[in-house]
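Nothing in this text is a laboratory measurement; each read-out follows from the coordinates by a stated rule. None of these values were measured; they are calculated from a predicted model. Cβ atoms come from the backbone with ideal geometry, glycine included; neighbour counts cover every protein chain shown.
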Ligand SMILES: CC(C)(COP(=O)(O)OP(=O)(O)OC[C@H]1O[C@@H](n2cnc3c(N)ncnc32)[C@H](O)[C@@H]1OP(=O)(O)O)[C@@H](O)C(=O)NCCC(=O)NCCS
């Protein structure tokens, strides 16, 4: 038997194993509820398995599907932002018009924001970000709309620097939904997207010095404090530092391993 023949045989075997594992997974997914209405544990309802291809063939690996699942996390759904939809234009304007959130999320001049500013932000998130989604609470009954509670996006590198494979997170939650763990959940979700789907190597996030709670939160989620730009920001009549934080793909993978232990 030639080496060429045995390689083909190996390939056929791997493909057969893969097809079988895929069929098993598809069959278990068919028995998984697709609607997440009213469920706080939507992701936990999913089968705890995913296909993993390696040089030794195809296997199922526990927990991996949680990291590669659909556009939702335990309590939240992430949907595309629609620049032409009036509902989304109003939502983005509402978010921009919450002064405290705007000041915390933005280093732009703090002033009343127009509906045009909301539309511009929507257009940026929908069309120019690497990913930009509306964070929603699932509808409580079938046919009802999900409730938008925030926005999260990863910016996109200019074409001449995409090889560096980093991106920065931007996010805001509507004030009424802050402080309930939704921000943490959405950040975890976008990190998973960044490293497993978009193939990024590094994710960055910045916080203004007058928002120490955000810095604490990001460090708790595993971001490392990497830089402090002294007195970069003028706000409320005084100078504030800007804090830069980052997470590498390997940091993230180590956290996943710790969490699944
Ligand atoms: C910052 C933000 C995304 C955090 O999401 P969240 O769902 O409110 O936060 P969680 O409930 O997951 O975590 C709570 C932690 O976030 C911190 N935090 C930061 N800003 C907060 C805010 N405006 N309201 C409540 N908690 C806030 C809290 O201090 C808390 O940490 P602590 O327990 O150590 O004090 C959200 O509060 C928000 O959108 N704020 C306004 C805009 C903003 O600051 N964007 C971030 C730009 S870097």
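So the values come out like this:
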| item | result |
| --- | --- |
| Proxy reagent accessibility, fewest Cβ within 10 Å first, across 153, 201, 164 | 164, 201, 153 |
| Enclosed volume per residue, in Å³, of the convex hull spanned by Cα atoms of region 92-173 | 122 |
| Cα-derived Rg over Rh, computed across region 154-261 with Rh taken as Kirkwood radius | 0.99 |
| Exposure proxy ranking, count of Cβ atoms within 10 Å, fewest first, for 165, 202 | 165, 202 |
| In nm, spacing of pseudo-spin labels at residue 145 and residue 196 (7 Å Cα→C-beta vector) | 3.0 |
| Pairwise FRET efficiency - residue 84 versus residue 109, Cβ, R0 = 25 Å, nearest 0.05 | 0.30 |
| Förster radius 25 Å - calculated FRET efficiency between residue 229 and residue 161, Cβ distance, rounded to 0.05 | 0.75 |
| Dimensionless Rg/Rh of region 77-260 - Kirkwood Rh, Rg from C-alpha atoms | 0.96 |
| For region 205-261 versus region 76-143, the gap between their alpha-carbon centres in whole angstrom | 22 |
| FRET efficiency, 1/(1 + (r/R0)^6) with R0 25 Å, evaluated for residue 185 and residue 258 via beta carbons | 0.90 |
